[in-house]
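Q: Provided herewith is a single structure, encoded as structure tokens, for subsequent inquiry.
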Amino acid sequence: MRIDDTVTAVDLLPRIDRLWQLSGQKIDSVEATCTPSRPSPVFTVRGRYTARGWTDWTRGFQYGSALLHYDATGDERYLRIGRDRTVETMAGHVSHVGVHDHGFNNISTYGTLWRLMNEERLPENPWEREFYQLALRVSGAVQAARWRTTAEGTGYVYSFNGPQSLFVDTVRSCRSLSVAHLLGHVLMAERETRVSLLGRMVEHATSTARWNIYYGEGRDDFDVRGRTAHESIFNVVDGSYRCPSTQQGFSPFSTWTRGLAWAMLGFAEQLEFIDLITDEELEPLGGRSTITATMLRAARATCDFYLDTTPADGVPYWDTGAPGLVELDLDEPADPFNPHEPVDSSAALIAAQGLLRLGHYLRSRNDRPGGGGDAAADRYWQAGLTVCGTVLAEPYLATDPDHQGLVLHSVYHRPNGWDQVRPGQRVPNGESSMWGDYHAREVALYLQRIATSQPYLTFFGPATAGGRPR
């Protein structure tokens, strides 16, 4: 992609303001048609949100979007929607033992409400705080219990596919483990064994970095630095690694770009989180330097691969190995209306935040004594701004009031053919996804805070001198 070295977060404020002007109307429309008694909205068909049975992983994005809108605008009507719906409908997700999506559903709802109280955006209420914290503690423990040990003696949180399956996107869902650890919680296992949630997060991130990310070291004939495998498959009998796989990508040996984006953002966020944790807590897990080096290596490799393989404007096609790409010029801006392969704006929105957070993290290290002066920090930061400049404007921003989506040209499951192909088109375009719209709001809020000198946005909220959120 071509990085704009001149654009700033302040320059993007008009586009961010326009997004918020559209956002409330979109939330209202979705709230009217996608009620709690109906299945969770997943993606749009002809501009209307519809459900698609697989796992119920998008409800938290629906109500989390209302909370982000309140955070950005101060409109308390959206706080009421997000808070009331969280209380009414999200309890089942807290105790859901069948999915790897706790960081999506529960951090986006209970976690955001808890963060807003920590930031004093909500009035302090001890019982309300304890309600959110109890939900986050239980969610983290339930997620940590979905565990498979590998032949190397480490392990991973396995996906909804079963104990053989390590998904690359779960590294971001591990926010649930991180928050529960901050709240002093552990998983109580057989014979009163106390299982560290921090330990499980670090082990899962380490396993993901090892098996789902490539580093150009000759692992196989398709080992290109920064490429990701959507899924890694393990033998459930002895825990040995068997092969890469994919559910939503083109092949196990190509890169599904939304999975790549989840890795970019997940590792960047956990690097920010690890800075909160004391050396004493990290030492039994390998020590700060080793853990940081592993996560930073994965974050940089995936971000570099994104920059090397994404079209000029920063919006990727759905998979880097998709066969129709040979018909397209990747040195030009992505074309969502081309007849060969769909773009995925949701991958761009997730990746943009990963680039921004990695750039910010490296800048903060440069500012520390002995930080080393990492020249790539500005490159990642400017790349994130460049992507945002593209996807927060037309033809990606959904300005049609009759369309329930906020950002257009997102795809869900290309191999299964679940995405709407409009009349006169040959590939999906013109539709939105619940996770894409949520991440548009999340990255817009992130940049809005940067541009207006507000507190830095993290999933774990403001930290005290002792390293724990208030």
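The values are calculated or read from the model by the stated rules, or taken from the named source; none is laboratory data. Quick caveat: nothing in here was measured; it's all calculated off a predicted structure. Reconstructed Cβ throughout: ideal geometry from the backbone, glycine too, with neighbour counts over all protein chains shown.
Q: Residues in region 154-193 that are assigned to a loop (DSSP other than H, G, I, E, B), surrounded by 24 or more Cβ atoms within 10 Å (Cβ to Cβ) and either free of Cβ contacts under 8 Å to residues at least 60 places away in the same chain or of a type in the set (D, E, K, R) (or both): how many?
A: Here the count works out to 1.
Q: Only one of (1) part of a helix (DSSP H, G or I); (2) within 22 Å of the chain's Cα centre (by Cα); (3) not aromatic (Phe, Trp, Tyr) fails for residue 277. Which number is that?
A: (1)
Q: List the number of the failed condition for residue 394; all other conditions in (1) in a loop (DSSP other than H, G, I, E, B); (2) touching an Asp or Glu at 6+ places or on another chain (Cβ under 9 Å) hold.
A: (2)
Q: Would you say residue 467 is over 21 Å from the mean Cα position of the chain (by Cα), under 30 Å from residue 289 (Cα atoms) and either part of a loop (DSSP other than H, G, I, E, B) or at pLDDT below 95 (or both)? Show your work before the answer.
A: Details: over 21 Å from the mean Cα position of the chain (by Cα): yes; under 30 Å from residue 289 (Cα atoms): yes; either part of a loop (DSSP other than H, G, I, E, B) or at pLDDT below 95 (or both): yes.
Yes, satisfied.
Q: Quick one: count up the residues across region 104-149 that are among the basic types (Lys, Arg) and free of Cβ contacts under 8 Å to residues at least 40 places away in the same chain.
A: 1
Q: Are any of the residues in region 127-139 in contact with a strand residue (DSSP E or B) (Cβ under 9 Å, 6 or more places away or on another chain) and at pLDDT 95 or above?
A: Checked region 127-139: no residue is in contact with a strand residue (DSSP E or B) (Cβ under 9 Å, 6 or more places away or on another chain) and at pLDDT 95 or above.
Q: Any idea which of 227, 200, 137 is surrounded by 16 or more Cβ atoms within 10 Å (Cβ to Cβ), basic (Lys, Arg) and closer than 20 Å to residue 64 by Cβ?
A: 137
Q: Name, by its number, the condition in (1) touching a helix residue (DSSP H, G or I) at 6+ places or on another chain (Cβ under 7 Å); (2) of a type in the set (Ser, Thr, Tyr); (3) within 27 Å of residue 375 (Cβ to Cβ) that does not hold for residue 289.
A: The number of the failed condition is (1).
Q: Take the conditions touching a residue at least 12 places away in the same chain (Cβ under 8 Å) and buried (at least 24 other Cβ atoms within 10 Å of the Cβ) and apply them to residue 344. Does it pass?
A: Yes, satisfied.
Q: Report yes if residue 320 is more than 18 Å from residue 395 (Cα to Cα) and either touching a residue at least 60 places away in the same chain (Cβ under 8 Å) or touching a helix residue (DSSP H, G or I) at 6+ places or on another chain (Cβ under 8 Å) (or both), otherwise no.
A: Details: more than 18 Å from residue 395 (Cα to Cα): yes; either touching a residue at least 60 places away in the same chain (Cβ under 8 Å) or touching a helix residue (DSSP H, G or I) at 6+ places or on another chain (Cβ under 8 Å) (or both): yes.
Here the answer is yes, as residue 320 does meet what is asked.
Q: Let me ask something else about it. Would you mind stating whether residue 358 is outside any loop (DSSP other than H, G, I, E, B), among the aliphatic types (A, V, I, L, M) and closer than 16 Å to residue 299 by Cα?
A: So residue 358 passes the test.
Q: Taking the options 18, 38, name whichever one is under 30 Å from residue 422 (Cα atoms) and not in a helix (DSSP H, G or I).
A: When all the criteria are applied, what remains is 38.
Q: To continue, here is another question. Sort out which residues of region 314-355 are assigned to a helix (DSSP H, G or I), within 23 Å of residue 438 (Cα to Cα) and of a type in the set (A, V, I, L, M, F, W, C), and write them in order of number.
A: 347, 348, 349, 350, 351, 352, 355
Q: Pairs please, first residue from region 13-28 and within 19 Å of residue 450 (Cβ to Cβ), second anywhere and of a type in the set (Lys, Arg), Cβ atoms under 8 Å, 6+ apart in sequence or on different chains.
A: Final answer for the pair search is 19/441; 23/441.
Q: Related question: Filter region 287-317 down to residues that are of a type in the set (S, T, N, Q) and in contact (Cβ under 8 Å) with a residue 60 or more places away in the chain, then give me how many there are. Give the steps one after another, and end with the answer.
A: Applying the first criterion (of a type in the set (S, T, N, Q)) to region 287-317 yields 289-290, 292, 294, 302, 309-310.
Next, only the ones that are in contact (Cβ under 8 Å) with a residue 60 or more places away in the chain stay: 294, 302, 310.
Result for region 287-317: 3.
Q: Now for a separate question. Please go through region 10-54 and give me each residue that is surrounded by 14 or more Cβ atoms within 10 Å (Cβ to Cβ) and of a type in the set (Lys, Arg), ordered by number.
A: 15, 18, 26, 48, 52
Q: Let me ask something else about it. Within the group 85, 146, 115, 121, which residue is surrounded by fewer than 24 Cβ atoms within 10 Å (Cβ to Cβ), in contact with a Lys or Arg (Cβ under 9 Å, 6 or more places away or on another chain), within 26 Å of residue 291 (Cβ to Cβ) and among the basic types (Lys, Arg)?
A: 115
Q: List every residue pair whose Cβ atoms lie under 9 Å apart, where the two residues are 6 or more positions apart in sequence or sit on different chains, the first residue falls within region 442-453 and is assigned to a loop (DSSP other than H, G, I, E, B), and the second residue, located anywhere, is of a type outside the set (Ser, Thr, Tyr).
A: Short answer, once both residue conditions are applied: 452/9; 452/10; 452/13.
Q: Let me ask something additional. Just checking, which of 69, 100 is touching a strand residue (DSSP E or B) at 6+ places or on another chain (Cβ under 8 Å), closer than 22 Å to residue 265 by Cα and crowded, with 18+ Cβ neighbours inside 10 Å?
A: Result of the check over 69, 100: 100.
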